[in-house]
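Below: one structure, written as structure tokens.
Read the figures in this text as sums done on the coordinates, not as results from a lab. Note that the structure is a prediction, hence the values are computed from the model and not measured. Because the Cβ atoms are built from the backbone with ideal geometry, glycine has one as well, and the counts that use them run over all protein chains shown.
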There are 2 protein chains.
Amino acid sequence: MKIYRIDMKNLTVKEDQIEKYKNLGGRALTSQVVHDEVPGHAHPLGPYNKLVFANGLLTGSGASSADRYSIGAKSPLTGGIKESNAGGISGLKLGRLGIRGLIFEGIREDFQIIHISKNGFKFDDATPILGKDLSEAAEWLREEYGKHVAVWLIGVAGEQKMNLAGIAGQDKEGHPTRYNGRGGLGAVAGSKGIKAIVLDDEGVDKSQPKDKQRFREAMKQYHTWLMETPGTAKVFPELGTSALVRTTNTLGALPTRNFSTGSFELYENISGETLRETLLERGGEGSPTHACMPGCIIRCSNVYADKAGKRVTSPLEYENIGLLGSNLGIGDLDDIAEINRLCNEFGVDTIETGGALGVLMSQNVISYGDVQGVIEALNDMKEGKPLGRIVGSGAEVVGKIYGAYRVPTAKGQTMPAYDPRGIKGLGVTYATSPMGADHTAGQTIRAQVDHHSPKDQVKTSLGAQQSAPIFDYAGLCFFSAGAIQGRWDIIADLISAYTGQEISGEFLKDMGKNILNTEHSFNKMAGFTKADDRLPEYFYHEMNEASKTVFDVPQEELESIGVEGNAR
Amino acid sequence: MKIYRIDMKNLTVKEDQIEKYKNLGGRALTSQVVHDEVPGHAHPLGPYNKLVFANGLLTGSGASSADRYSIGAKSPLTGGIKESNAGGISGLKLGRLGIRGLIFEGIREDFQIIHISKNGFKFDDATPILGKDLSEAAEWLREEYGKHVAVWLIGVAGEQKMNLAGIAGQDKEGHPTRYNGRGGLGAVAGSKGIKAIVLDDEGVDKSQPKDKQRFREAMKQYHTWLMETPGTAKVFPELGTSALVRTTNTLGALPTRNFSTGSFELYENISGETLRETLLERGGEGSPTHACMPGCIIRCSNVYADKAGKRVTSPLEYENIGLLGSNLGIGDLDDIAEINRLCNEFGVDTIETGGALGVLMSQNVISYGDVQGVIEALNDMKEGKPLGRIVGSGAEVVGKIYGAYRVPTAKGQTMPAYDPRGIKGLGVTYATSPMGADHTAGQTIRAQVDHHSPKDQVKTSLGAQQSAPIFDYAGLCFFSAGAIQGRWDIIADLISAYTGQEISGEFLKDMGKNILNTEHSFNKMAGFTKADDRLPEYFYHEMNEASKTVFDVPQEELESIGVEGNAR
């Protein structure tokens, strides 16, 4: 597996030879490169930032839920290190081309399509697809380069270097709707003139495990566990992530009207159960379950269809429902699906978009529940009009623009759909993760703790923050954690058999910690201190009426694990 | 002299009794209160921030150029400590009321007029003057409370809690155009519901020096020096601060088109000499010289009149000409005066406004030189429309909204009108001052150094940063420095005679250092590190074609004096 450096200023490519990177993958690779090569003070959209794509070590191996890849850079949203992770088939195709990672350097004004095939790299003018909706742009790319290719691309938001711009990958049906959404990585791609990457695996052989027999056995065990575990075998396939709506609403953690409270009077209208019933009833192109990666047993994704059974968007996930639904006072799945569709077409992070719109609503610029107002604001974003630019800058900046006091962000990034007063372990993750507010950096919702108590939340979050990078290194979907969390030996076995690089469960545990420390170390160079390891002050002082709690995890405990903590 | 605490939530007042504050004044008092009482992580617009007004120790004494006062808080623009300083007569009137300082606490939604007289404090509903231009609001206040009062007030920008909102005081003619402009203190006032403070000294006796004879003698010496020094006796009264236009243009330090270069082809049209000739020629209400404080010998201010001799705005200073003129590609004094007038009417910092508009112009949202476009954007600001909100958020946030690379700010605040590649000592001040980019925090333009060389700039800036707070503590205008810089004994003598508190020149030198250290200490608690003691990266890498220099003061030298430096 190779790593290439692409100089976007001069449009040249060379194979990277740095020994240290050779056995790294996923978040381990992206964070190491950012740490080692990007100055802490670099302008995120300037020539000294780098954008790194890196497959996990198991990506393309055929193991279930294991085709994920990481994208990393210094984030224009948080000013810190960022890794964002997605599934779909784009990483898989990169792997088929024998490539582990792509390191993009330099900036340029125009936009390029980077075509990668067995013949190498080719740069084409991206003008024909600029300003287009992503479905149209992706269709054009497959017309141009062949139906068999997979793509990565940015939308109009990334072209305009907006803070909430993501990078879209493609699912196995060809829809460009698998997002490395968080942290404004689409803006970094935009600054480098990367409109699209076309992964053309024509004539390339499928890669094989180094030790086929061992890999087959490990995979069998792994798949058995996935199929024996209720979460991965039943809940996710049936209800997807939206199963969480009822859970968080009960806990008082479902963000409602700009995180002002944690339960929503219309929550049943937008629950996973209602979503499933609606899609089953409507039939047609919709489906309550869908595998974003070929062979995935968990199949948490879905395809949302309208009343006529025609596909509207995919996937409609818990975070989208929380941030674009209850957080905006919107209680109708068709409305949420339409907003989600626009987000996917324009290339933005749905969480950050929901956060930005929520703050705007708190300032009465748009009213809560005003679906038409939201759609107009998103269309303004597409066209780069002032209100659209404001939305495009993300919740933190919207707060600054309007002098807002209640801005649900940590390190500049919108909280995902869990009020930190209702699930305090996630509050700890938001405050202390080098990624800013990000549930995938240390999800605690399934931990056996009293989510309303401050007790044990720091320990719980730290454990989650240290294990999350293991999945991101392996290329495994975090949703497999329900079946294999702590069973690191099986992951080590899979990786050893697939790559021929012999590693142990202990090695993986160390890897998780090391990645986290590397990220904290970068953030320290970028100027982060303990003062940044906090939530916005209103979470400490204003009660969430649904959970009847404030965020009261002691600051000294928080600081034991943050950017300058010793307990990492 | 008393210090009062005003609880804006409950509209109650009490006299402060903290011993430590009793002998402090000006910036020494504002920075000490912010340091001691505001949590480093406090939201600048939330209930835990405080807004402190503090007279200098000589304010109201009758010494020339000595009626200045400080306003301080945690800044919504920089996120750090802020002191902003102004002249005019409002501080003087506060002093006549026997008050050294006002500490505002708490927040509220509605707006109040705080009337202070010999009878105490009274709170009146500010509704009648909300949304009005400042000249109209000030006129209304004098109609309501008597022609003899002086006022402090915020404009529509402060009401809307915009980052570039300042606090306006009044000159001796009653115009509310003396600004504590920098750092968004008007937004802090807005968050606390402070629309106006009316200083009503009816029936109050003029305060007298404790030792009249000694004070008279010290004042005589001080005034003699002011009148013997060419800068204070001739240049300032004749040309005002605009004398600098030719100087900085020659040095390649006149910010031009968003700080892209340091000389402006139309600089002669906007020079101090042209300004003086224009005003003398037009006659009428205009004047090339004007004392903002009664009895000021320096009289650097002016009144700008139109072709018919009618007053347009006052003052038109170097910073306004640089930021609203050359920085926007505007080379006509009438145009600059009209933009300046609108800034004064809406209650904004002209420097930050020019910075924000410059970044917008760099992104082609408005064209360079488009006066009408600027006026429309400012009117949008008044009305809170999206583009106006964008301008109102200041240059740093505009940069984030548009994904701009070249944003001339330090610690989030727009650079005043000196390109740091052309006057490198000011670059050091911008990078290392706890105030962010602020020439008044450490002006080096008159230092005997090669401004294009990196040599000795750190030492020069540090000296200036340590002496500036002495003036701000005393209530002296920094422009007296040309005559008395280093002659600390005369200031000590004036203070000792006036207040009866015996101090020495050495005490003052220590005071300057202590204030600076207190401010750095607050910023450290607020999360600032060495990583913040830098200029934007393009100043290090992109040559200013006018000065033929980049900013090349070595970072290790810079870091010897910044937030965590030891040489302070």
Subset of region B:432-452, residues touching a residue at least 40 places away in the same chain (Cβ under 8 Å) and outside any loop (DSSP other than H, G, I, E, B), comes to B:T432, B:H439, B:T440
Restricted to region A:116-128 and to residues being over 26 Å from A:S314 (Cβ atoms) and in contact (Cβ under 8 Å) with a residue 40 or more places away in the chain, the residue farthest from the other protein chains (Cβ to nearest Cβ) is A:K118
Please tell me if A:G427 is assigned to a loop (DSSP other than H, G, I, E, B) and either within 9 Å of chain B (Cβ to nearest Cβ) or crowded, with 24+ Cβ neighbours inside 10 Å (or both). no
The correct count of residues that are in contact with a Lys or Arg (Cβ under 8 Å, 6 or more places away or on another chain) and within 14 Å of chain B (Cβ to nearest Cβ) in region A:28-53 is 8
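Return yes or no: is A:E556 in contact (Cβ under 8 Å) with a residue 24 or more places away in the chain and either surrounded by fewer than 17 Cβ atoms within 10 Å (Cβ to Cβ) or in contact with a Leu (Cβ under 9 Å, 6 or more places away or on another chain) (or both)? Steps first, please.
Numbers: in contact (Cβ under 8 Å) with a residue 24 or more places away in the chain: no; either surrounded by fewer than 17 Cβ atoms within 10 Å (Cβ to Cβ) or in contact with a Leu (Cβ under 9 Å, 6 or more places away or on another chain) (or both): yes.
Taking the combined requirement at face value, the residue does not satisfy it.
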Among B:G231, B:G240, the single one that is at positive phi and of a type outside the set (A, V, I, L, M, F, W, C) is B:G240
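Somewhere in region A:513-526, is a residue under 22 Å from A:T30 (Cα atoms), among the aromatic types (F, W, Y) and touching a strand residue (DSSP E or B) at 6+ places or on another chain (Cβ under 7 Å)? Step through it out loud before you land on a result.
Just the residues of region A:513-526 that are under 22 Å from A:T30 (Cα atoms), to begin with: A:513-526.
Imposing the further condition that a residue be among the aromatic types (F, W, Y) reduces the set to A:522.
Next cut, touching a strand residue (DSSP E or B) at 6+ places or on another chain (Cβ under 7 Å) only: A:522.
Taking every residue of region A:513-526 in turn, at least one turns out to be under 22 Å from A:T30 (Cα atoms), among the aromatic types (F, W, Y) and touching a strand residue (DSSP E or B) at 6+ places or on another chain (Cβ under 7 Å).
Among the residues in region B:129-145, are any within 14 Å of chain A (Cβ to nearest Cβ), in contact (Cβ under 8 Å) with a residue 60 or more places away in the chain and in contact with a helix residue (DSSP H, G or I) (Cβ under 6 Å, 6 or more places away or on another chain)? I'd like the intermediate steps shown before the answer.
The initial filter retains those residues of region B:129-145 that are within 14 Å of chain A (Cβ to nearest Cβ), namely none.
There is no residue in region B:129-145 that is within 14 Å of chain A (Cβ to nearest Cβ), in contact (Cβ under 8 Å) with a residue 60 or more places away in the chain and in contact with a helix residue (DSSP H, G or I) (Cβ under 6 Å, 6 or more places away or on another chain).
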The helices (runs of 4 or more DSSP H) lying wholly within region A:462-568 that contain at least 2 residues that are within 13 Å of chain B (Cβ to nearest Cβ) are A:505-525, A:538-541, A:555-559
Of B:S31, B:S70, the only residue that is in contact (Cβ under 8 Å) with a residue 60 or more places away in the chain, in a strand (DSSP E or B) and within 30 Å of B:G527 (Cα to Cα) is B:S70
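Only one of these is within 14 Å of chain B (Cβ to nearest Cβ) and of a type in the set (S, T, Y): A:S191, A:S242. Name it.
Numbers: A:S242 fails: within 14 Å of chain B (Cβ to nearest Cβ).
Going through A:S191, A:S242 in turn, just one is within 14 Å of chain B (Cβ to nearest Cβ) and of a type in the set (S, T, Y): A:S191.
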| Would a scan of region A:539-546 turn up a residue that is among the hydroxyl-bearing types (S, T, Y), over 30 Å from A:P209 (Cβ atoms) and without any contact (Cβ under 8 Å) to a residue 60 or more places away in the chain? | yes
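So if I check each of A:K206, A:K161, which one is within 14 Å of chain B (Cβ to nearest Cβ), among the charged types (D, E, K, R) and over 23 Å from A:K14 (Cα atoms)? Quick ask: steps written out before the conclusion?
Working: A:K206 fails: within 14 Å of chain B (Cβ to nearest Cβ).
Selected residue: A:K161, the only one of A:K206, A:K161 that is within 14 Å of chain B (Cβ to nearest Cβ), among the charged types (D, E, K, R) and over 23 Å from A:K14 (Cα atoms).
Conditions (1) within 30 Å of A:G399 (Cα to Cα); (2) surrounded by 21 or more Cβ atoms within 10 Å (Cβ to Cβ); (3) polar (S, T, N, Q), marked per residue:
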{"site": "A:T59", "(1), (2), (3)": "no, yes, yes"}
{"site": "A:D67", "(1), (2), (3)": "no, yes, no"}
{"site": "A:S70", "(1), (2), (3)": "yes, yes, yes"}
{"site": "A:N85", "(1), (2), (3)": "yes, yes, yes"}
{"site": "A:S90", "(1), (2), (3)": "no, yes, yes"}
{"site": "A:R100", "(1), (2), (3)": "no, yes, no"}
{"site": "A:N119", "(1), (2), (3)": "no, no, yes"}
{"site": "A:A126", "(1), (2), (3)": "no, yes, no"}
Filtering region B:299-318 down to residues that are over 13 Å from B:R341 (Cβ atoms) and among the polar types (S, T, N, Q) yields B:S301, B:N302
Residue hits (region A:146-170; touching a residue at least 60 places away in the same chain (Cβ under 8 Å) and of a type in the set (A, V, I, L, M, F, W, C)) are A:A150, A:V151, A:W152, A:L153, A:I154, A:V156, A:A157, A:M162, A:L164, A:A165, A:I167, A:A168
Practice task
Examine region B:400-407 for a residue that is closer than 17 Å to A:H41 by Cα, among the hydrophobic types (A, V, I, L, M, F, W, C) and within 9 Å of chain A (Cβ to nearest Cβ), and state whether such a residue exists.
Solution key: yes
Per the filter on region B:359-374, residues away from every other protein chain (no Cβ under 14 Å) and at negative phi are B:M361, B:S367, B:Y368, B:D370, B:V371, B:Q372, B:V374
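Condition check ((1) over 30 Å from A:S207 (Cβ atoms); (2) over 24 Å from the mean Cα position of the chain (by Cα)) across all residues:
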position: A:T444; (1), (2): yes, no
position: A:S453; (1), (2): yes, yes
position: A:V458; (1), (2): yes, no
position: A:Q465; (1), (2): yes, no
position: A:L476; (1), (2): no, no
position: A:A483; (1), (2): no, no
position: A:W488; (1), (2): no, no
position: A:E506; (1), (2): no, yes
position: A:G512; (1), (2): no, no
Selection from region B:444-461 of residues closer than 21 Å to B:G505 by Cα and surrounded by fewer than 24 Cβ atoms within 10 Å (Cβ to Cβ) yields B:K459, B:T460
In region A:408-424, anything charged (D, E, K, R) and within 13 Å of chain B (Cβ to nearest Cβ) is listed as A:K411
Inside region A:375-398, the number of residues satisfying the requirement of being farther than 18 Å from B:M381 by Cβ and either more than 9 Å from every other protein chain (Cβ to nearest Cβ) or touching a residue at least 12 places away in the same chain (Cβ under 8 Å) (or both) is 14
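So if I check each of A:K122, A:K93, which one is among the charged types (D, E, K, R), in a strand (DSSP E or B) and in contact with a strand residue (DSSP E or B) (Cβ under 6 Å, 6 or more places away or on another chain)? Quick ask: steps written out before the conclusion?
Numbers: A:K93 fails: in a strand (DSSP E or B).
When all the criteria are applied, what remains is A:K122.
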B:I154: passes all of (1) farther than 20 Å from B:L92 by Cα; (2) within 14 Å of chain A (Cβ to nearest Cβ); (3) among the β-branched types (V, I, T) but (1)
